[in-house]
Amino acid sequence: MFDDLRDLYQEVILDHGKSPRNFRRPEDATCLAHGNNPVCGDTLVVYITQDDSGKITDAAFQGQGCAISVASASMMTDIVKGKTVEKANRLFEGFHNMCTRDDFNVAELADCDEDAIDRLVMLSGVKEFPIRVKCATLAWHTMQAAVNGDQETSTE
Amino acid sequence: MNKSSSVVEIAAGDNSTSAFDVEKIRADFPILSQKIYDGKPLVYLDNGASAQKPRQVIDAMSDLYETRYSNVHRGVHWTSQQSTNAYEAGRQKAGAFLNAASDNEIIFTSGATEAINLVAASWGRANLKAGDEVILTHMEHHSNIVPWQLLRQEKDIVIKVVPIDDDGNFLFDEFEKLLTDKTKMVAVTHVSNALGTIVPVADVIKAAHAKGALVLLDGCQAVPHQSVDVQALGADFYVFSGHKLYGPTGIGILWGREDILNAMPPYQGGGEMIASVTFEKTTFQKAPHRFEAGTPAIAEVVGLGAAIDYVNAIGLDNIAAHEHDVLQYATERLQAMDGVTIIGNAREKAAIVSFVLEDIHPHDVGTFIDRAGVAVRVGHHCAQPVMDRFGVAATARASFGLYNTRAEVDTLVDALEETRKFFS
Ligand SMILES: Cc1ncc(COP(=O)(O)O)c(C=O)c1O
């Protein structure tokens, strides 16, 4: 019955949804932001720790949401760790395009880390479920808000 | 009203539909014969958000546009007279539907939201001062919270909230404790959209009036499921939206007692609501026209009138009995499932069942059962405070209408079982 949902709800995503990585509140976070999706009531807090050069040394989150939004937050925090803010923003931009543009080509992200791209491609199955794109991008929007110094963000 | 026994006797109506024939009713709703996702019948269980439209409503609106449409109250020509007659007939139908004392008490708005905003802005601004109290309940829709908060920013009024118990029952004793001499307005939902709780509004009105407060009832989720008599209730304001009553969007009703309405200042200014205008001084019409500035939603009023005729022909008591049977069946089947918790088990309930599945977020539930053709609402249902009260961010909600069946409940439950398997 749910064959077409398997592309979105892959094993890896279900696993991240059930046992999210980096689900904690780091004491030494240098910035944080609250994200919420007013349509669904999903809420999360993203914590980012940056070193003096601005590199992201730690990323974590807490909150609640559907399997897609929790898996996305879990993967996002894994992915941005060790990256510069510019690189993180670049990956978000790529991911956003993946989820919304029909003519997207992964080659556009040739300069990015492959492992990150593989994970994002997996999540980009939401493209077939437009209403769920916000679930997949909420954590990324919130990460961006945190590093930009905005305390609140919303997908509306 | 809603009997809690499991045997439901369907009363014979005094009209052509002598017994409730759900298949005959379903045939009136073109959308229900649709198949989606490669041949699955559409199982529409999101009536609380908006109901589907019967052919009779769709036809009434096209017929107006095709044969006699024009602006109302303005032209000397034939079409304007015809449209005005059709529009005012809609007002009479709405008046009779609520048993208003006069059709002048029926104000057309864009929906319940605008109706509540109208009362808060017009009656509220004119009658409330700093320290005056407005009482709401913990289960209000955002549209009966935010207009009062906007007024609070301006007038420094106090908003008090009647608590509910763990089953979602309205706590009458607590309500009585909140009532004081400063209480000027009690604005409560007649039926909760998130929980299905039926509030004992007749008692609420008596207690509020004893303290000199007015009562506004949000009837959005009540009017599709039970007959309402505003005079018997003794209410002061009653609001609902047409689209939840099988009518079109963009049209709603504000009913108010005529003496109260005629003492209220206008809400918006424009054409239609004035008696005379000069640059020095403008005088206003009485209700209802005072509150209907500008060209109204003419075809929508006609559509709403057709929807009222439609439910009247079937009989609201017959509808209530049928829906109660479906609700009871759905409740039993969901309770029998592992890992399902029903949120809202009030003693008196309308045909709404909100629930959560253990370890599966409602959005995921909604996406999965959608593939089985089942439409339910997932989220906070524009009632965040009630979600907070139950410690959940969201629920899945099946809300039944007159065309839903036990077989559709089975489809829902099967789809939920499949979803659980997928996630386990
Ligand atoms: C109880 C209740 N009140 C108010 C509303 C608002 O209705 P509308 O959006 O049609 O103005 C709704 C609709 O969801 C409702 O269920």
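The values are calculated or read from the model by the stated rules, or taken from the named source; none is laboratory data. As the structure is a prediction and not an experimental result, all values here were calculated from the model. Counting neighbours? That spans all protein chains shown, and the Cβs are built from the backbone with ideal geometry, glycine included. Calculation scope for accessible area: heavy atoms of the full protein, side chains included, ligands and nucleic acids excluded. Shrake-Rupley method; radii C 1.70, N 1.55, O 1.52, S 1.80 Å.
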Inset, instruction - Evaluate the following for B:Thr113: is it within 16 Å of the ligand (Cβ to nearest atom), closer than 19 Å to B:Met185 by Cα and in the same structural domain as B:Ala293 (by TED's automatic domain parsing)? - result: yes
Inset, instruction - Evaluate segment B:174-181: report whether one residue or more is within 19 Å of B:Met139 (Cα to Cα), within 16 Å of the ligand (Cβ to nearest atom), open to solvent by less than 20 Å² (accessible area, probe 1.4 Å) and over 15 Å from the mean Cα position of the chain (by Cα). - result: no
Inset, instruction - Select from segment B:365-384 the residues that are assigned to a strand (DSSP E or B) and at the interface with chain A (Cβ under 7 Å from one of its Cβ atoms) and list them in ascending order. - result: B:Gly379
Inset, instruction - Scan the strands (runs of 3 or more DSSP E) fully inside segment A:6-87 and keep the ones with 1 or more residues being among the small types (Gly, Ala, Ser). - result: A:31-37, A:56-64
Inset, instruction - Could you tell me which residue of segment B:32-64 is farthest from the ligand (Cβ to nearest atom), considering only residues that are crowded, with 21+ Cβ neighbours inside 10 Å and of a type in the set (Val, Ile, Thr)? - result: B:Val43
Inset, instruction - Test B:Asp388 against the stated conditions and say whether it is away from the ligand (no atom under 14 Å from the Cβ) and free of Cβ contacts under 8 Å to residues at least 40 places away in the same chain. - result: yes
Inset, instruction - Report, by residue number, each residue of segment B:209-254 that is of a type in the set (A, V, I, L, M, F, W, C), part of a helix (DSSP H, G or I) and open to solvent by less than 10 Å² (accessible area, probe 1.4 Å). - result: B:Val230, B:Leu245
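Residue-by-condition table, conditions (1) aromatic (Phe, Trp, Tyr); (2) within 16 Å of the ligand (Cβ to nearest atom); (3) within 14 Å of another protein chain (Cβ to nearest Cβ); (4) closer than 19 Å to B:Ala121 by Cβ:
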position: B:Gln231; (1), (2), (3), (4): no, no, no, no
position: B:Gly242; (1), (2), (3), (4): no, yes, no, no
position: B:Tyr246; (1), (2), (3), (4): yes, yes, no, no
position: B:Leu254; (1), (2), (3), (4): no, yes, no, yes
position: B:Arg257; (1), (2), (3), (4): no, no, no, yes
position: B:Ala275; (1), (2), (3), (4): no, no, no, no
position: B:Phe279; (1), (2), (3), (4): yes, no, no, no
position: B:Lys286; (1), (2), (3), (4): no, no, no, yes
position: B:Leu304; (1), (2), (3), (4): no, yes, no, no
Inset, instruction - Assess whether B:Leu136 counts as being within 14 Å of the ligand (Cβ to nearest atom) and either in contact with a helix residue (DSSP H, G or I) (Cβ under 8 Å, 6 or more places away or on another chain) or open to solvent by 60 Å² or more (accessible area, probe 1.4 Å) (or both). - result: yes
Inset, instruction - Could you pull out the residue among A:Asp103, A:Asp111 that is part of a loop (DSSP other than H, G, I, E, B), surrounded by fewer than 18 Cβ atoms within 10 Å (Cβ to Cβ) and free of Cβ contacts under 8 Å to residues at least 12 places away in the same chain? - result: A:Asp103
Inset, instruction - Output the residue which, of all residues in segment B:140-162 that are more than 21 Å from the chain's Cα centre (by Cα) and part of a loop (DSSP other than H, G, I, E, B), is nearest to B:Tyr238 (Cα to Cα). - result: B:Ile157
Inset, instruction - Scan segment A:103-140 residue by residue and report those that are within 12 Å of A:Ile68 (Cα to Cα) and among the small types (Gly, Ala, Ser). - result: A:Ser124, A:Gly125, A:Ala136, A:Ala139
Inset, instruction - Could you tell me whether segment B:187-208 includes any residue that is away from the ligand (no atom under 16 Å from the Cβ), open to solvent by 10 Å² or more (accessible area, probe 1.4 Å) and at positive phi? - result: no
